Amino acid sequence: MVALSLRPFPIYSKQAEFLQTDAWLTGFCGGRGTGKTYIGSYDIQMTAKRDEPWMCVSPDAGVVTETTLPTFIEVADTCGTLVRVVKSPYPRVYWRTRDRGIASIVFRSGEVPGKLRGPSKAGLWIDEASVVSREAFDIAIATLRYKGRMGPCKLTFTPRGRLHWTFEEFYEPVPDAPVIGNDGCTSDGLIYIQGRAYRAKADSHLVRAHTLDNPFLPDRFYELLRARYSTVLAEQELAGEFVDIAGLMFRREWFLSVDSAPRDARRVRYWDRASTPGSGKYSAGVLLAMDSRGLIYIEDVVRGQWSYHDRNRIMEQTAERDRRKYGGEVVVYTEQEGGSAGKEVSQQIVSLLAGHPIFVDIVGGKQSRKVDGQELPGDAKVIRAMPFEAQAEAGNVRIVRGPWNADYLDELTAFPEYTYSDQVDATSGAFNKLAKGRVYDGDTAATKQTVQPSSERFGVNFALERIRHRRANR
Ligand SMILES: Nc1ncnc2c1ncn2[C@@H]1O[C@H](COP(=O)(O)OP(=O)(O)OP(=O)(O)O)[C@@H](O)[C@H]1O
Ligand SMILES: [Mg+2]
């Protein structure tokens, strides 16, 4: 048989290692932009055989349509093997296999694991596996029974610590292993992570990559991202290390996606404004809705690095758009940090939005902390986020599908170890107003709404300790 002639597809060493592994479970675990989705796509296109049906699971429909599916199509197109793309009922791509046949892959969201049950599959790929639930993984691998054979399973992901199922699927602890000083691999196949020894599980192979390993990234990609993460978060998000970060507050899986929020709900659009417009900081306006049962919907996010003038224009346009949609029921809040300059700007915004129900929320406390020379969200922001976090953890929060979802959830799940927190702050602000249950009564543009001041008792550590304690007692 004449092999299919493919256009050249460049890969780097770690990607080559992933392609060469033939264990049943193979993984590519790396920092952001390490080429996980690229190599997952390419690997499947090279592995699948004539007529085989494959399945790809991504965390939600947004990741399917914005990331995994387009990357898969791009890779097939680059290789010159793309045959056709079908959009419904689920996106499906057909491409020419190396044995000169045609294979297909269906793209599914892992949000509702039970829906993944279905016809037999010849192989499975889970992209962003560390954001997909173990239940979805368990149900998806049960479809691997095409023609009576258990086909391969491939996971591409950024690590989420040693307690996450993605770690447990690849490594088992070796309790009686000798203690060594440094993390890394030993000649007898032991892997040391944070001082503990592990061994790769049978029939599995995990390739690990650092963002800097990927030669295809633009020059400043790493630098730009590194400047935004704390040291510990950079270990996970860029170095691709399994670190156990206790301080992070939000988990992605708490936010179930929905198509829309109910019309009958109370609504607040809360603006967290960059203190110095044009400084590269973000302003964000988050629209939150709360229905009569107390379910909270993150309905819309408007966000940008704007000049003073543009920001005001966008705030005005957004208020107008909300009014047209909800007939003037959306209450607008704008955050004001202490100091007279802040007050002046807030008053200007109140005048600007005079035709709308606009209020000022005065916040106090420590807005930022410096760690390793880096500016991260301070105590006051962590404390303000706690009531919303409790609701999210209790499963009372939904996120309305939109192109802003990925950035929003990235910021939330990195909080408070990530420089930016404008979307988190705006969400906490909106939630705290809705939760008071009286967004209309008595608040005036001049009313003070001071949050808990920062003190020893209310430090970041205190807040995080409480969160840990609550989780441990579940
Ligand atoms: N083999 C490759 N050939 C050419 N370009 C590549 C290759 N692998 C990765 N890239 C480039 O690197 C970029 C990042 O790749 P990809 O999106 O697959 O990374 P990722 O690890 O999935 O990122 P994220 O963490 O955002 O999910 C791509 O936009 C692509 O331009
Ligand atoms: Mg990816």
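None of the figures in this text is laboratory data; all of them are computed from the coordinates on show. Keep in mind the model is a prediction, meaning the values are calculated, not measured. Cβ coordinates were reconstructed from backbone atoms using ideal geometry, including for glycine residues, and neighbour counts include every protein chain displayed.
Taking label positions 7 Å along the Cα-Cβ direction at both Phe216 and Arg196, the computed distance is 3.5 nm, reported to one decimal.
Excluding same-chain neighbours fewer than eight residues apart, the aspartates and glutamates reachable from Lys370 by a Cα-Cα span under 14 Å are Asp379, Glu417. Quick one: which residues, 5 or more positions from Leu155 or on another chain, have an amide H under 5 Å from its amide H? H modelled 1.01 Å from N in the peptide plane, none for Pro or chain starts. Placed amide hydrogens put Thr26, Gly27, Phe28, Ile126 under 5 Å from Leu155. A Förster radius of 51 Å combined with the Cβ-Cβ distance from Ser13 to Ala394 puts the calculated FRET efficiency at roughly 0.70. Helical content alone sets the calculated 222 nm signal of the chain at -9000 deg cm²/dmol, taking -39,500 (n - 2.57) per DSSP H segment of four or more residues and averaging over every residue. What is the sum of charges, Lys and Arg at +1 and Asp and Glu at -1, for the other residues whose Cβ falls under 14 Å from the Cβ of Ser260? Taking every other residue near Ser260 into account, the sum is 0. Under the simplified labelling scheme, the Val174-Lys436 pair shows an inter-label distance of 5.9 nm, with each label point 7 Å from Cα along Cα→Cβ. Counting other C-beta atoms within 10 Å, and keeping those with at most 12, which DSSP coil trypsin sites (Lys or Arg not before Pro) do you find in the range 129-226? Passing both the DSSP loop test and the Cβ count: Arg149, Arg220. Distance between the C-alpha centres of the range 180-229 and the range 1-68: 19 Å, rounded to the whole angstrom. List the pairs from Lys147/Lys201; Lys49/Lys147; Lys87/Lys121; Lys115/Lys201 whose alpha-carbon separation is above 21 Å, in the order I gave them. Over 21 Å apart, Cα to Cα: Lys147/Lys201; Lys115/Lys201.
Computed extension gain for Ala341 through Arg100, at 0.36 nm per residue and net of the alpha carbon distance, reaches 79.9 nm. Among residues other than Arg208 with Cβ under 13 Å from its Cβ, the summed charge is -3 (Lys and Arg +1, Asp and Glu -1). You can think of it this way: the chain between Val86 and Gln348 has 89.2 nm of extra reach, that is 0.36 nm per residue less the Cα-Cα gap. With a Förster radius of 30 Å applied to the beta-carbon distance between Asp410 and Lys115, the computed FRET efficiency rounds to 0.75. Ordered by the count of other Cβ atoms within 10 Å of each Cβ, fewest first, Ser120, Ser13, Ser428, Ser88 give Ser88, Ser13, Ser120, Ser428.
Placing a label point 7 Å from the Cα of Gln305 along the Cα-to-Cβ direction, the residues of the range 370-396 with a backbone N closer than 16 Å are 375.
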